[in-house]
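*Asks:* Pasting in a structure now, in structure tokens, and then I'll have a few things to ask.
The values are calculated or read from the model by the stated rules, or taken from the named source; none is laboratory data. Values in this document were obtained by computation on a predicted structure and should not be read as measured data. Don't worry about glycine lacking a Cβ; one is built from the backbone with ideal geometry, like all the others, and counts go over all protein chains shown. Areas reflect the complete protein model, heavy atoms only, side chains present, ligands, DNA and RNA absent. Shrake-Rupley method; radii C 1.70, N 1.55, O 1.52, S 1.80 Å.
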Amino acid sequence: MIKYLFGIVVLLCVSCGNKEDVLLPKSDTTIVKEVFDLSPIYIFFRVNGKDTLAEVNRKNSIITTNWILNIDKRLPLRLVIPEVMKLQKRKREEKEHRNELALNYYSYADSIGKNLAFIPFTQVYYKLEKPKKGLVVFFSKDGKIIVNNEVVPKKDLQKFINNANTDSKEILYCFDKNSSYGSYIQNKVFIHSVELKNVVSKEYVY
């Protein structure tokens, strides 16, 4: 396993054209296994004194291609998501060379299948605030899932929401801004396995 993960890090370093490492998140499921016609974008973990920084390298990004975001799992969401929003905005606002078929993906390592995997997020619109209405599914920093202020075991989430006594028709996924990007990707993979209707294309980070 160590050898396998190291191999992925080396692949990223070669793709980036330098000797810097990106420690990818890990999960046990592959959502998308292959992406073609892609541009790699990297967000590195940096430390300056007592401060943690997210450094973006997008020099190889081409608007008309699929973008693969390789982001260090140690970074907190409060640093990652604002940078992701900037990248999304740049691609969405492109007019002259826009390619409607070009998607955005996060990369991660499938520890079971032993392959590099991807999860799409093209249609996700991030909000750096707490939602004012809707059925809130909040993923906390300590690994708890809280649905409208009630802690729900992961295995019971779908059943709980299906049986929820609420007038809301919107399910809003929310994340603790201080949780790691690594845990965020694990939660995203889990969310993909939950069959829920009326999920809005927004994610809240606060």
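*Asks:* Just to be sure I understand: of the beta bridges DSSP finds with both ends in the range 60-206, what percent are antiparallel, rounded to 5?
*Replies:* Values: 12 of 27 bridges.
Approximately 45 percent, going by the DSSP bridge assignments.
*Asks:* Based on DSSP H assignment, which helices of the chain show an axial Cα extent of at least 15 Å together with a mean Kyte-Doolittle hydropathy greater than or equal to 1.6?
*Replies:* Details: long enough: 2-16 (21 Å, 2.29); 77-92 (22 Å, -0.47); 181-193 (19 Å, -0.21).
Those that clear 15 Å and a mean of 1.6 are 2-16.
*Asks:* Mind jotting down the three principal axis lengths of the range 17-107 based on Cα atoms? Whole angstrom, largest first.
*Replies:* 42, 31, 26
*Asks:* Any idea what the dipole of the chain comes to, in debye rounded to 20, about its Cα centre with Lys/Arg Cβ at +1 and Asp/Glu Cβ at -1? Please list the in-between numbers first.
*Replies:* Working: 33 positive and 23 negative charges, 63 e Å.
Taking the Cα centre of the chain as origin, the dipole is about 300 debye.
*Asks:* Let me ask another. For the chain, with the dipole built from +1 on Lys and Arg beta-carbon atoms and -1 on Asp and Glu ones, taken about the Cα centre, which of Tyr125, Tyr184, Asn48 lies farthest toward the positive end?
*Replies:* Of Tyr125, Tyr184, Asn48, it is Asn48.
*Asks:* Okay, next question. Name the aspartates and glutamates eligible as straight-distance cross-link partners of Lys114: C-alpha to C-alpha under 18 Å, and not fewer than 8 places from it in the same chain.
*Replies:* Asp28, Glu34
*Asks:* Which value, in Å² rounded to 10, gives the accessible area of Lys188 with a 1.4 Å probe and all protein chains present?
*Replies:* 20 Å²
*Asks:* Leaving out ligands and nucleic acids, and using a 1.4 Å probe, what accessible area per residue does the range 25-101 come to in Å²? Could the numbers behind the result be given before it?
*Replies:* Working: 4480 Å² over 77 residues.
Per residue, the range 25-101 has an accessible area of 58 Å².
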